[in-house]
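Rule-based calculations on the coordinates, nothing more; no lab input. All figures in this text were calculated on a predicted structure; none of them were measured in a lab. Quick reminder, even Gly has a Cβ in these numbers, built from the backbone with ideal geometry, and neighbours come from all protein chains shown.
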Amino acid sequence: MSTLSADAYVDAPSRSWARAFADLSSGWRHRELWGHLGWQDIKQRYRRSVLGPIWITISMAVTAVALGLLYSQLFGQPLGFFLPYVTVGFIVWGFIQKCIDDGAEVFISNEGLIRHLPAPISVHVYRLVWRNILFFAHNLIVYFVMLAIFYSDRFHVGWSSLLAVPAFALLVVNGMWVGLLMGIVATRFRDIPPVAESVVQLMFFMTPIVWVYDDLLNSPRVPPGARLVEFNPFLHFVEIIRRPMLGQSFVAHYWVVAIAITVAGWLVTLLFLRNYRSRVSYWV
Amino acid sequence: MVHIDVQNAWVEFPIFDAKTRSLKKTVIGLGKAGGKIGTDQRVPVIEALRDITLSLRHGDRLALVGHNGAGKSTLLRLLSGIYEPTRGRARIGGRVAPIFDLAVGMDPEITGYENIIIRGLFLGMTRRQMLARTDEIAEFSELGNYLSMPLRTYSVGMRIRLALGVVTSIDPEILLLDEGIGAVDAAFMVKARDRLHDLVRRSGILVFASHSDEFLRQLCDTAVWLDHGQVREQGPLREVLTSYKGFDPFVGWDGDRDDKRQNDREAVSP
């Protein structure tokens, strides 16, 4: 039998790599705990409502259809392509946005638990990412409905669509470090959560979700600054997941950038985890 | 082997939101309550625990006494591993079960049964292990059908019964209790006390912070008197309580603990 504290007990100084990795692995061993709490989070939000978590799916469907209709008309795009395009973009974006916004609050909102029950801090981040995976899964229903309705040359799936699975896995791995890093920094500096929220909101407009980056590049008059949007890290994650889901061609450099971000992000996060993990309970 | 070894440990809280300037004086003692506030750094720091050295072994039943803000709850959190010392070191070997704030880790909207599972998961148990223990916990806590009710319908005492039922069912090696458990009725306290005694004898260490001489006497045999975050005195419970209070609180009580327990039993049985 294992327990949080006994597992977390590593005879090493508070600031050590051993303790940082012990936190992550001990947190992972408690997946029954955060698995349960993640579900609980979703159920709690829709308690006493008749449709329950299906509301997640419905609200995503409403947003995607409304904006898909609007922008397909504005940009003169065929609905059968643009509606699924917007839908997938929104689903992926929803995951990214929630990981960052919730990440900034992850320790602050769990103050009570952190100060009263000994547990690795990663437990709270695993719970957050798991909860957002569940949201993602609910939203995916909208995608499959679209697939049934709009299946065509411009929107189809094949074996290569399975690439979306490792692509989403990569996004989840990033969600982990983002949650940990944002959580640690925001717990110390309480101005971070509102700043993060507005930056993320701004990034939405710079990410090809309601507009199409390929079209921008293929248009006869490419705006000179168009390539600049590739500095937006979110673009790469959206592209690696959306392209296979819509049946578009594989573009290697989105993957390269996404993997590079993953590695760099984890390196920085591990450094923070090593140095500030034991401070979180003091800061909350 | 269960052990707690704390060596020269300090717990210092940075206070980020206080106005640094207004506190830029020398060290201010905040009267009788609270730890000392050191102000030589840029961010004011509350020295909640200062230079604590403590060693506990199997079978130890330690009482923590001291006035409000002396550092009792902070020391319990240090012993649970929630706070890692800012200076010095704390080695805690053993399965820790804390009962600090009863509202934390409990969801008022879900049933007592589900809360048993969640609390168990927090304490490192698996869902299956907790399911196997629910009958036992139901019997001990005497909550009966209430366990299928949402927790928000429970009184404070009922919540404590539930929490005590959970921690004592999972065989913890280090049990840390904060004063909150005083809210249960006398009959249940006797039952809980016997169970806690068994638990400590079997497997571990008990640390209990309380202002109630009665509870301390029932549960503990040694004591630490904390004052402004420092250990003022350490030793047998009666001696420490006597110097803390300025008089012997147990005078006139029946000296023998077993007799006392017997009396309690008679008092509660109709």
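Taken as Cα centroids, segment A:100-147 and segment A:221-284 sit 19 Å apart, rounded to the nearest whole angstrom.
Each Cα pair under 8 Å and six or more residues apart adds its sequence gap; the mean of these over the residue count of chain A is a relative contact order of 27 percent. Close amide H pairs (under 5 Å, H built 1.01 Å from N) link B:Gly235 with B:Ala223, residues at least 5 positions away or on another chain.
One chain, two ends: B:Glu139 and B:Phe247. Fully extended at 0.36 nm per residue, the span grows by 34.8 nm beyond their Cα-Cα distance.
Taking each residue of B:117-130 in turn, how many C-beta atoms of other protein chains fall within 10 Å of its C-beta, and what is the average? Provide the component values of the computation, followed by the final result.
Details: counts 3, 4, 1, 2, 8, 11, 7, 15, 6, 5, 4, 1, 1, 1.
The per-residue average across the peptide is 5.
Sorting A:Val62, A:Val129, B:Val96, A:Val173 by the number of Cβ atoms found within 10 Å of their own Cβ, with the fewest placed first, yields A:Val62, A:Val173, A:Val129, B:Val96.
Inter-label distance, A:Gln73 to A:Ser49: 2.8 nm, where each label sits 7 Å from its Cα along the C-beta direction.
Modelled label positions at B:Phe16 and A:Phe189, each set 7 Å beyond Cα in the direction of Cβ, lie 1.0 nm from each other. Secondary-structure-derived ellipticity at 222 nm for the protein assembly as shown, considering helices only, amounts to -17500 deg cm²/dmol, per-run term -39500 (n - 2.57) for DSSP H runs with n ≥ 4. Averaged over peptide B:88-96, the number of partner chain Cβ atoms lying within 10 Å of each residue's Cβ comes to 4. Positive contributions from Lys and Arg (+1) and negative ones from Asp and Glu (-1), summed over other residues with Cβ under 15 Å from the Cβ of B:Ser169, come out at +1. Near B:Gly204: Cβ cut-off under 12 Å, other residues only, Lys/Arg at +1 and Asp/Glu at -1. The net charge is +1.
Note on the protein assembly as shown: antiparallel DSSP beta bridges, both residues inside, total approximately 60 percent of the bridges counted.
For the segment B:52-60, counting C-beta atoms of other chains within 10 Å of every residue's C-beta and taking the mean gives 0. For segment B:66-133, what does the alpha-carbon gyration tensor say about shape, rounded, prolate or oblate, given a ≥ b ≥ c as the root eigenvalues, a/c under 1.5 as rounded, and a/b over b/c as prolate? The shape class here is oblate. By the count of neighbouring beta-carbon atoms within 10 Å, fewest first, B:Phe122, B:Phe140, B:Phe16, B:Phe250 end up ordered B:Phe16, B:Phe250, B:Phe140, B:Phe122. Note on chain A: GNM, Cα springs under 10 Å; of A:Tyr126, A:Tyr213, A:Tyr143, the largest mean-square fluctuation is that of A:Tyr213.
Descending by average beta-carbon neighbour count within 10 Å, the peptides B:44-51, B:130-137 line up as B:44-51, B:130-137, the highest first.
Quick one: net charge around A:Ile184, please, counting Lys, Arg +1 and Asp, Glu -1 for every other residue with C-beta under 10 Å from its C-beta. Let's see the in-between values first.
Values: positive: A:Arg188, A:Arg277, A:Arg279; negative: none.
Around A:Ile184, the surrounding residues sum to +3.
Remark: spin-label model distance A:Val256-A:His156 equals 3.0 nm, labels positioned 7 Å along the Cα→Cβ axis. Close amide H pairs (under 5 Å, H built 1.01 Å from N) link B:Ile205 with B:Gly59, B:Ile174, B:Leu175, residues at least 5 positions away or on another chain.
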